[in-house]
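Let me begin by presenting the structure, written as structure tokens, before commenting on it.
Rule-based calculations on the coordinates, nothing more; no lab input. Everything numeric in this text was worked out from a predicted model, so none of it was measured. With ideal geometry, Cβ positions are generated from the backbone for all residues, glycine too; neighbour counts draw on all protein chains shown.
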Amino acid sequence: MSAQPVRLSTAQPDFEARFKALQHWAADTDAAIEQRVADILADVQARGDAAVLDYTARFDGLQADSVAALEITQAELQAALLALPAEQRQALASAAARVRSYHEAQKRACGESWQYRDEDGTLLGQKVTPLDRVGIYVPGGKAAYPSSVLMNAIPAHVAGVPEIIMVVPTPKGERNALVLAAAAVAGVSRAFTVGGAQAVGALAYGTATVPRVDKITGPGNAYVASAKRRVFGTVGIDMIAGPSEILVLADGTTPPDWVAMDLFSQAEHDELAQSILLCPDAGYIDAVQREIDRLLPEMPRAAIIAKSLNDRGALIHTRSMEEACDISNRIAPEHLEVSSRDPHRWEPLLRHAGAIFLGAFTSESLGDYCAGPNHVLPTSGTARFSSPLGVYDFQKRSSLIEVSEAGAQVLGHTASVLAHGEGLQAHARAAEMRLK
């Protein structure tokens, strides 16, 4: 088994064409999945708990007499936490504390209400309030993701959301102790062993047992992504995530085995994940390829890594670090490592990335678990216009306006002129009635 990411050079005449082919990812939705999801959502909306039970039995092999029987109690969450080995419990607590601290700082920076009065005594401002209830989807099945629990629930908790509903698939009824423990640490209010499109539908529409939420966050498979897309408007959603991505921008000073393993760290997610290296040193790129060859046989998920790197990976030789930064901005990666002796020299040139990891010691995996910033990030180039999940995703903003009598004399005339210009006489008269 070997992994041979495509080798490109910006000096090649056909670089642009090959680069565009590398960026292409067929995000076309599967018509069969779309129809199946539409049917499931309609059924959940119509039959509620009964539909949720049917699909949970069919897809997860989990039989229950009621959806209430699928709820994980707070006592069970706490018991899972207490039963963890001490090292795991400490790691979970440490990661949660760092994630909470970061998002508390984020709230102070951008999540507070504000107001002021102008010279006429008119009050203007913004009122920031949390959502009433949110749903977090935690993937299950092939793997368990306690880190996803922390990254979704903690910013919601910090934002002040009073009720956090977690759904997690548990095929054949197998519950992951770390996921349950993370829910206890992160302050999840209620948790259900339900997954798939039926879980999204239950959260969006509400059933007799599962409460309707205002927003759904968290990643999932193609059925979950399709369901989130379809219920948007009925509820809010965070984003529609594509395959995971890492881009390493290297100046050739980092040990090449570190970079090879960083590329593996995303490739091991799934075959569609993308790992790219940008570097102006051709000899260093050769060294990274040698480390890929040496390290791959050691990896438990070697087959997945190899397919990901062979199908979507790339080692790109650039003319300079400046050009590498420009290409990085064009890609707008989910994770961007600046593996450089002086990362702060290049950081000002980087405009588009979900998260930027500065310096050789800042492996992307630290951000996934415990550095503090959120690991739910925009993918597939959407970092050009999207942001990581944060406290602001669990808040909404209302404008505050209190016009004084003096202010009404100034604003009323302006509004009257503009309203008449639009042909909306009632608007104009409402403003004119307040003029002296």
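In table form, for the structure just shown:
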quantity: Backbone N under 19 Å from the Arg175 label point (7 Å along Cα→Cβ), restricted to the range 146-162; calculated: 146-150, 153
quantity: Mean Cβ count within 10 Å, highest first, over the residues of peptides 407-414, 9-16; calculated: 407-414, 9-16
quantity: 5 angstrom amide H check on Glu337, placed H, neighbours 5+ away; calculated: Leu247, Val248, Leu249, Phe357
quantity: Sites Glu422 and Arg108, calculated FRET efficiency, Cβ-Cβ separation with R0 51 Å, nearest 0.05; calculated: 0.80
quantity: Fraction of antiparallel bridges per DSSP, the chain only, in percent to nearest 5; calculated: 30 percent
quantity: Phe232, Phe59 arranged by Cβ crowding within 10 Å, fewest neighbours leading; calculated: Phe232, Phe59
quantity: DSSP-loop trypsin sites (Lys or Arg not before Pro) across the range 114-215, with at most 11 other Cβ within 10 angstrom; calculated: Lys142
quantity: Per-residue ³J(HN,Hα) for the range 254-268, Karplus 6.51 cos²θ - 1.76 cosθ + 1.60, θ = phi - 60°, Hz, x for Gly and Pro; calculated: 8, x, x, 5, 4, 5, 4, 5, 5, 5, 4, 4, 9, 4, 6
quantity: Amide hydrogen neighbours beyond the local backbone of Lys396, cut-off 5 Å, H modeled; calculated: Thr129, Leu131
quantity: Table column - 3J(HN,Hα) (Hz), the range 63-75, Karplus curve with 6.51, -1.76, 1.60, x for Gly and Pro; calculated: 8, 8, 7, 7, 5, 4, 6, 8, 7, 8, 6, 4, 4
quantity: Charge dipole (the chain, unit charges on Cβ, about Cα centre) - positive-most of Thr170, Phe361, Gly187; calculated: Gly187
quantity: Cleavage-rule hits (trypsin sites (Lys or Arg not before Pro)) in the range 304-353: DSSP loop, at most 15 neighbouring Cβ within 10 angstrom; calculated: Arg319, Arg341, Arg351
quantity: Estimated distance in nm for a label pair at Arg36 and Gln126, the labels positioned 7 Å out from Cα along Cα-to-Cβ; calculated: 4.2 nm
quantity: Glu432-Arg341 pseudo-label distance in nm [points 7 Å out on the Cα-to-Cβ vector]; calculated: 7.5 nm
quantity: Residue among Ser339, Ala415, Met1 farthest towards the positive dipole end of the chain, charges placed on Cβ; calculated: Ala415
quantity: Where only alpha carbons of the chain are counted, the Rg and the Dmax (Å); calculated: 25.3, 84
quantity: Potential extension, Gln88-Glu271 segment - 0.36 nm per residue separation minus Cα distance; calculated: 63.0 nm
quantity: Protection-proxy order for peptides 270-278, 427-435, each taking the mean of Cβ atoms within 10 Å per residue, highest first; calculated: 270-278, 427-435
quantity: Amide H contacts under 5 Å for Ile216, placed H, 5+ residues apart; calculated: Gly135, Gly236, Ile237, Asp238
quantity: Approximate spin-label separation Asp54-Gln409, in nm, with each point projected 7 Å along Cα-to-Cβ; calculated: 6.9 nm
quantity: Extension gain from Arg351 to Glu76, taking 0.36 nm per residue of separation minus the Cα-Cα distance; calculated: 94.5 nm
quantity: Exposure proxy order (Cβ contacts within 10 Å, fewest to most) of Cys325, Cys370; calculated: Cys370, Cys325
quantity: Nearest-20 debye value, the chain charge dipole, Cβ charges on Lys, Arg, Asp, Glu; calculated: 700 debye
